[in-house]
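Values in this text are rule-based calculations from the coordinates and carry no lab data. For clarity, every value in this text was computed on a predicted model and none was experimentally measured.
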């Protein structure tokens, strides 16, 4: 999360001239969404909404971690890099 807090978040903020309203990302290990999301929430005083997209069945979307077809995202455990306090919403996406 730290590298995304220090680089990805500031880059998105600068490139949008502070006009970003939502940040949507696959959750995966949680590093990108937690670090980038934390930076954007802090710099915008909470105005930026952080939304995670993850496969149906992933623990993030309320599942048990059942097998899914989407590669690189979704988990069957809670990674330590993921900060549950950063995301405003998790959207379950179909892998069909």
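For the reader, a short list of remarks on this structure follows.
- You can think of it this way: the chain between residue 47 and residue 7 has 12.4 nm of extra reach, that is 0.36 nm per residue less the Cα-Cα gap.
- Computed from Cα atoms, the angle from the helix 31-43 axis to the main principal axis of the chain rounds to 30 degrees.
- In a fully extended conformation the segment linking residue 84 and residue 16 would gain 22.0 nm over its present Cα-Cα distance, using 0.36 nm per residue.
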